[in-house]
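Shown next, in structure tokens, is the structure this report addresses.
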Amino acid sequence: MADSIANSICSGAVCITGDYRENNEDNYLEEKGGQLFLVADGMGGMSAGEKASEMCVQLVSQKLNELIDFSSALPEQVTAAIDKAVHHANAEIGMTGQSNPDFDKMGTTIALIVVVGQAAYIAGLGDSRVYSMRGPTFEQLTKDHSLAQSLGDSGVISQEEAATTPLRNQLDRFPGAADREIELKIRPCSRSD
């Protein structure tokens, strides 16, 4: 069993409703002594964003806890488990939306970190972000899955335009939509992160 960097991770969370909503559609979870972090932001423009984010956090964490031995899992086991967990949540959110008119077209974003040994497995769908602070360097580790980001990546608009266009809030990949590939990175951790 390799030493885990998880015991040196500091984290915190705060949720606010923002300027346009009366209810909070955010959900987050930290488990396993700093080895599992999840953030889900329900989509306010869709119905039942708070239900979608709640389901996403609950289903993904439950599946990851079933599939990962946080003390000794191999990289391929962790990446397969993350993929299965997010796809499972996506399918359940989609089915719930289809079977209940009150939840039709519900959706959420998700960003997650799983720490096993000296590695952080970072994944996301939507536009919730994961950042790293290593020394004085602050770095975005996930990529937004928005129409603006896609247009910027393809050169149709500049990255500067992508950051300010109203399309930056229009997601093209998120849990609750058609099944899509998740973005997953493996990053070595250090005590200076």
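Name the residue from V116, L29, A13 whose Cα lies farthest towards the positive end of the charge dipole of the range 10-130, charges +1 on Cβ of Lys and Arg and -1 on Cβ of Asp and Glu.
The one lying farthest along the dipole's positive direction is V116.
Output wanted: per-residue J couplings in Hz (rounded whole) for the range 143-157, from phi through Karplus 6.51 cos²θ - 1.76 cosθ + 1.60, θ = phi - 60°, x for Gly and Pro.
Values, residue by residue: 10, 5, 9, 10, 4, 4, 5, 4, 5, x, 5, 8, x, 5, 10 Hz.
Would you compute the Debye intensity of the range 55-183 from its alpha-carbon atoms alone, equal scatterers and no solvent, and pass along log10 I(q)/I(0) at q = 0.09, 0.22 Å⁻¹ to two decimals?
-0.31, -1.24
What list of whole percents do you get for P(r) of the range 24-69, with Cα-Cα distances grouped in 5 Å bins up to the one holding the largest distance?
5, 24, 28, 20, 12, 8, 3, 0
Leaving out same-chain residues fewer than 8 places away, which lysines sit with a Cα under 18 Å from that of K185?
The reachable lysines, counting only those whose Cα sits under 18 Å from K185, are K84, K143.
Using the crude model of +1 on Lys and Arg Cβ and -1 on Asp and Glu Cβ, and no other charge, please compute the dipole size for the range 39-126 relative to its Cα centre, in debye to 20. Mind showing how you got there, number by number?
Numbers: 4 positive and 10 negative charges, 16 e Å.
Computed about the Cα centre, the dipole is about 80 debye.
Computed from the coordinates by the stated procedures, all read-outs in this text should not be read as laboratory data. Quantities reported herein were computed from a predicted structural model and do not represent experimental measurements. Don't worry about glycine lacking a Cβ; one is built from the backbone with ideal geometry, like all the others, and counts go over all protein chains shown.
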